[in-house]
Structure formats: structure tokens, C-alpha cells
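K.L.:
A single structure is presented below for examination.
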Amino acid sequence: MALATTLKSDIDEIIPGVIADRRHLHEHPELGMHEHETAKFVIDRLTALGVEDIRTGISETGVTGLVRGTGAGPGADKVVLVRADMDALPIQEENSVDYKSQTDGVMHACGHDAHTSILLGVTRLLVDRRDQFAGTIKVLFQPCEETGPGGAAWMIEQGVLEDPRVDACFGLHVWQNEPVGSVLVGDGPVMAASDRFSITVQGQGGHGAMPNGCVDPIMIGMEIVNALQTLVSREVDPTESAVISTCTFHAGHAGNVIPDTAEIGGTVRSFNPDVRDLLERRIVEVAEGVAKAMRGSAKAEYRRGVSATVNDPAMAAIARQAAIEVVGEENVRPQIPTMGGEDFSAFLEHRPGCYFWVGTNNAKRDLVWGHHHPRFDIDEDGLAIGVETMARTLTGYLAQA
């Protein structure tokens, strides 16, 4: 059953509260697994709205609740989950706004304050419209998205996809890469698996004036870094996408001393699980092999983070149609896959679903700074678009036969 035609006017009525919630959360950011006050704020809101079966303390600070539809329709036996992440980042905010972070060295520099306030707004709309849909909506407020493997996996381990059993899942992200008024929805892989590697090279140090008596770990490390770049260009199928970036290289303390060791670290991004397996194996083999060939040794470790975020095409079609109803077909575009990682992927590994993006960039207001930047901020007109698009997506799913 479609939502009432009064939806837009009702959103106009509640959006000042959604904005106020977002600004309150922006002023009081909390890092992953420390979202205690944020969780209390969410619990108070859900309780006041009359949300059923509120469960707290899931993976420390996670919260879930149920909105049960009372209307008629094919979705009566379905359960759909909608997720918002709550954590902030260890960044000192540089904005000059009334709602600037009040916590030194911590800010909402990615938009999770917007995600939480949007989901609270969606919850309010759907509680008021329980007679307009059949089925159950499970709202989920998640800690620790920013730190892998992430709060999503931990909440799943603690049973959030059961009791009642979830059939599909949806999430959204505000997106500074696109202008406010736009929505991006993609099929298949839309965000990459995000992994880390670390390599410790063992050489034999000595005087910089007598390198022949040493085994130089810096030279070995340089060869390893160069060799790693050939894995994507020469061992990954050219029709696949992958990135290996060496991001740290630490060795030595004195200008005339060849050190004993060098430490290298970086990140690996991929979409295809087979490519991920290949790179995990070959990074270790290349590091150890190059070091051995140069008379040293290397210990390489590969740590998997979040998996690729893969949208189900049928679920993406539901979100796309909802977005068209909100912003018009001309403002709904496919999401080009990005090498960024997102732990919503854990939900999509277990259930079909879709993760989509809501544009919040506005160059006229200098709201152009990217995610994780100290001046990150959003055009709050995107909040209403997020609320309506998600509400229509959830009820659209429940209306499917």
C-alpha cells in the first residue's frame, strides 16, 4: 500500500525536529563503542514515539526497535530492517557554526549524525502511519561503523537479524560528492572490500658508509613496495577493479645508520571475492620472496576488514522507484562503485538489501568539504529527502507480493 499523499506536508512539519536532532548529535559526537549518550538520546526518542520491543546494549551501545504495521497487504509476514550508524571520528572540527562539536578532537565528519536523525524521522513517520502498511520494520542504530570489522558484524553476531527474522535490509548515506536534491542507487557491488596489510622487513644494520657489510631493509622495502604494484597491473584480470596502496613506511632514526628493520603498511580494496583471495595470498608471497632474494627476510600479515557492499538488484529497484517519487527521475542516478568501504556490507552478506546515497553538497553555501574533512558539513535540505526516500523504500518493499 502506498503512503498517503500528505507525506510531503507531514515531513515539512517534522523536519525542524529532525534538523534539531541532527544538530544536537553534531554538538555531542562520540567515538565508536562509546556512543552511550547518543544511544540514550535514541532510546528516549523511540520510547516517546511508542516503538515496540526496544532492545539496548547490543554490542555495547546498539539499539533496535520494532514498528508493526496494522494495515492490510502482502507484507504482513515480512520484516524489513533499516540501519543508521551513530559513531563520530577523531577529528578536530574547524567549522564556525552554532552546532559545532563541543568535544575536543571528536566530530561528526562523515554524516552519521544525519543518518541517526533521518532514521528517527522515518520512525516517527511510520509509527504515525502504521495503518497504511502491513508488516514489521526493525529500526537499528549501530555503533562503530568507522572501525573495522565494525559494529554491524558484532550486532549480527548478537542476533539482530533474528527474533523476528529479518527478510531484507536497507541503509543510506549522505553524500558530499553529489548536490542536494539528488539520490544515487546502484546494482551489485557499490563499495569495496577494505583490508589492511603490514610487513616487517628484517635486515642487518650497520654504518651508512659501509653498506656492503649490511643487509639494507630500506632497499628491500622499496623493492617490495614496487613489486606490490605489479599485482594489480599484471596479476588481476584487467576487467576487475582493485587497489593496493602502501600508506606507511618507517625505518631508521639516524642519517648515517642503516637500520635493522623497516615497517610497511597499507590498504587493499577489491570487489570480487576471488580477487580478494588472490591479493591476500600474493602480497604475503611477494613480500617474503623479495626479501629472501635480497638476503633479508619479511613477515607479512593480511587483515581482512569489511567485505564489498553488494546491492541486490530487486531491492535496488525498490529504492530507485522510491527516490524517483521523491526527487524525480532526472535526479536519480546510478551509483558508480567507489573504493571506499562500508560495514553495512555485513548485513548484505546475510540478507538481500540496498544501500543508497542522498546528495548533500551545496557549493553556493560552501558545503563542499568531503567526508572525514575537518570542515565537513551538509546541506540539511537533504535530510527531508532522506526521510521520505527511506520511508517509501521500506513501505514499498513491504507492499511487494
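K.L.:
Within the range 192-245, which residues are charged (D, E, K, R), touching a helix residue (DSSP H, G or I) at 6+ places or on another chain (Cβ under 8 Å) and in a loop (DSSP other than H, G, I, E, B)? Steps first, please.
P.N.:
Going through the range 192-245, the residues charged (D, E, K, R) turn out to be 195-196, 216, 223, 234-235, 237, 240.
Still in the list and also touching a helix residue (DSSP H, G or I) at 6+ places or on another chain (Cβ under 8 Å): 195, 223, 235, 237, 240.
Passing the criteria: Glu235, Asp237, Glu240.
K.L.:
Restricting attention to the range 218-229, report how many residues are free of Cβ contacts under 8 Å to residues at least 12 places away in the same chain and surrounded by 13 or more Cβ atoms within 10 Å (Cβ to Cβ).
P.N.:
Quick first cut of the range 218-229, residues free of Cβ contacts under 8 Å to residues at least 12 places away in the same chain only: 222, 226.
Remaining after also requiring surrounded by 13 or more Cβ atoms within 10 Å (Cβ to Cβ): 222.
Within the range 218-229, residues that are free of Cβ contacts under 8 Å to residues at least 12 places away in the same chain and surrounded by 13 or more Cβ atoms within 10 Å (Cβ to Cβ) number 1.
K.L.:
I'd like to verify a number: residues in the range 231-258 that are surrounded by 12 or more Cβ atoms within 10 Å (Cβ to Cβ) and either among the aliphatic types (A, V, I, L, M) or without any contact (Cβ under 8 Å) to a residue 12 or more places away in the chain (or both), how many?
P.N.:
Number satisfying all stated conditions: 9.
K.L.:
Please verify whether Met107 is in contact with a strand residue (DSSP E or B) (Cβ under 8 Å, 6 or more places away or on another chain), closer than 17 Å to Ser345 by Cα and assigned by TED's automatic domain parsing to the domain that holds Arg375, treating the condition exactly as stated. Spell out how you get there, then give the answer.
P.N.:
Working: in contact with a strand residue (DSSP E or B) (Cβ under 8 Å, 6 or more places away or on another chain): yes; closer than 17 Å to Ser345 by Cα: no; assigned by TED's automatic domain parsing to the domain that holds Arg375: yes.
Taking the combined requirement at face value, the residue does not satisfy it.
K.L.:
Within the bounds of the range 325-341, is there any residue that is hydrophobic (A, V, I, L, M, F, W, C), in a loop (DSSP other than H, G, I, E, B), assigned by TED's automatic domain parsing to the domain that holds Asp113 and out of contact with any Gly (no Cβ under 9 Å at 6 or more places or on another chain)? Write out each step before concluding.
P.N.:
Within the range 325-341, the subset hydrophobic (A, V, I, L, M, F, W, C) is 326-327, 332, 336, 339.
Now drop any that are not in a loop (DSSP other than H, G, I, E, B), which leaves 336, 339.
Among the residues that remain, those that are also assigned by TED's automatic domain parsing to the domain that holds Asp113 are: 336, 339.
Then drop every residue that is not out of contact with any Gly (no Cβ under 9 Å at 6 or more places or on another chain), which leaves 339.
Looking through the range 325-341, at least one residue is hydrophobic (A, V, I, L, M, F, W, C), in a loop (DSSP other than H, G, I, E, B), assigned by TED's automatic domain parsing to the domain that holds Asp113 and out of contact with any Gly (no Cβ under 9 Å at 6 or more places or on another chain).
K.L.:
Now, a different point. In a loop (DSSP other than H, G, I, E, B) and either modelled with pLDDT of 95 or more or surrounded by fewer than 22 Cβ atoms within 10 Å (Cβ to Cβ) (or both): does that describe Ser101? Full working, then the answer.
P.N.:
Values: in a loop (DSSP other than H, G, I, E, B): yes; either modelled with pLDDT of 95 or more or surrounded by fewer than 22 Cβ atoms within 10 Å (Cβ to Cβ) (or both): yes.
Criteria met by Ser101.
K.L.:
Please name all residue pairs, on different chains or six or more residues apart, with Cβ atoms under 7 Å, provided the first residue is in the range 30-44 and is within 15 Å of Thr103 (Cβ to Cβ) and in the same structural domain as Glu60 (by TED's automatic domain parsing) and the second residue is modelled with pLDDT under 95 and hydroxyl-bearing (Ser, Thr, Tyr).
P.N.:
Sorted first by the residue in the range 30-44, then by its partner, the pairs are Gly32/Thr147.
K.L.:
Restricting the first residue to the range 281-304 and requiring it to be within 18 Å of Glu235 (Cα to Cα), which pairs with a second residue that is part of a loop (DSSP other than H, G, I, E, B) meet a Cβ separation below 7 Å and a spacing of at least six or different chains?
P.N.:
Here the result reads Arg282/Glu235, each pair linking the range 281-304 to a residue that is part of a loop (DSSP other than H, G, I, E, B).
K.L.:
Any chance the range 357-379 includes a residue that's touching a Lys or Arg at 6+ places or on another chain (Cβ under 8 Å) and closer than 16 Å to His173 by Cα? Spell out how you get there, then give the answer.
P.N.:
Our first condition is that a residue be touching a Lys or Arg at 6+ places or on another chain (Cβ under 8 Å); within the range 357-379, this holds for 369, 379.
Keeping just the survivors that are closer than 16 Å to His173 by Cα gives 369, 379.
Looking for residues that are touching a Lys or Arg at 6+ places or on another chain (Cβ under 8 Å) and closer than 16 Å to His173 by Cα, one finds at least one in the range 357-379, hence yes.
K.L.:
Quickly run through the range 124-145 and pick out the residues that are surrounded by 24 or more Cβ atoms within 10 Å (Cβ to Cβ) and among the polar types (S, T, N, Q).
P.N.:
Of everything in the range 124-145, just one residue is surrounded by 24 or more Cβ atoms within 10 Å (Cβ to Cβ) and among the polar types (S, T, N, Q), namely Gln142.
K.L.:
For the condition surrounded by 24 or more Cβ atoms within 10 Å (Cβ to Cβ), of a type outside the set (Phe, Trp, Tyr), in contact with an Asp or Glu (Cβ under 6 Å, 6 or more places away or on another chain) and touching a residue at least 40 places away in the same chain (Cβ under 8 Å), what is the one hit in Thr393, Thr360?
P.N.:
Thr360 is the lone residue from the list that is surrounded by 24 or more Cβ atoms within 10 Å (Cβ to Cβ), of a type outside the set (Phe, Trp, Tyr), in contact with an Asp or Glu (Cβ under 6 Å, 6 or more places away or on another chain) and touching a residue at least 40 places away in the same chain (Cβ under 8 Å).
K.L.:
Pick out the one residue from Gly159, Gly186, Gly148 that is surrounded by fewer than 23 Cβ atoms within 10 Å (Cβ to Cβ), outside any helix (DSSP H, G or I), within 16 Å of the chain's Cα centre (by Cα) and not acidic (Asp, Glu). Break it down stepwise before answering.
P.N.:
On the way: Gly159 fails: within 16 Å of the chain's Cα centre (by Cα); Gly186 fails: surrounded by fewer than 23 Cβ atoms within 10 Å (Cβ to Cβ).
Testing whether each residue is surrounded by fewer than 23 Cβ atoms within 10 Å (Cβ to Cβ), outside any helix (DSSP H, G or I), within 16 Å of the chain's Cα centre (by Cα) and not acidic (Asp, Glu) leaves just Gly148.
K.L.:
Something else now. Mind counting the residues in the range 364-374 that are without any contact (Cβ under 8 Å) to a residue 24 or more places away in the chain and outside any loop (DSSP other than H, G, I, E, B)? Spell out how you get there, then give the answer.
P.N.:
Taking the range 364-374 as the starting set, the residues that turn out to be without any contact (Cβ under 8 Å) to a residue 24 or more places away in the chain are 364-366.
Applying the additional criterion that residues be outside any loop (DSSP other than H, G, I, E, B) yields 364-365.
Going through the range 364-374 one residue at a time, the tally reaches 2.
K.L.:
I need a count of the residues in the range 1-52 that are surrounded by fewer than 21 Cβ atoms within 10 Å (Cβ to Cβ), of a type in the set (Asp, Glu) and in a helix (DSSP H, G or I).
P.N.:
Within the range 1-52, residues that are surrounded by fewer than 21 Cβ atoms within 10 Å (Cβ to Cβ), of a type in the set (Asp, Glu) and in a helix (DSSP H, G or I) number 6.
K.L.:
Further question on the same structure: Take the conditions in contact with an Asp or Glu (Cβ under 9 Å, 6 or more places away or on another chain), in the same structural domain as Pro352 (by TED's automatic domain parsing), surrounded by fewer than 21 Cβ atoms within 10 Å (Cβ to Cβ) and modelled with pLDDT of 95 or more and apply them to Val80. Does it pass?
P.N.:
Values: in contact with an Asp or Glu (Cβ under 9 Å, 6 or more places away or on another chain): yes; in the same structural domain as Pro352 (by TED's automatic domain parsing): yes; surrounded by fewer than 21 Cβ atoms within 10 Å (Cβ to Cβ): no; modelled with pLDDT of 95 or more: yes.
No.
K.L.:
Name the residue, out of Glu35, Glu93, Glu27, that is in contact with a Phe, Trp or Tyr (Cβ under 6 Å, 6 or more places away or on another chain), closer than 23 Å to Cys144 by Cα and of a type in the set (Asp, Glu). First the steps, then the outcome.
P.N.:
Values: Glu35 fails: in contact with a Phe, Trp or Tyr (Cβ under 6 Å, 6 or more places away or on another chain); Glu93 fails: in contact with a Phe, Trp or Tyr (Cβ under 6 Å, 6 or more places away or on another chain).
None of the other options fit; the residue is Glu27.
The values are calculated or read from the model by the stated rules, or taken from the named source; none is laboratory data. The structure presented is a predicted model; accordingly, all values stated were derived computationally and were not measured. All Cβ positions, even for glycine, are placed from backbone atoms using ideal geometry, and neighbour counts span all protein chains on display.
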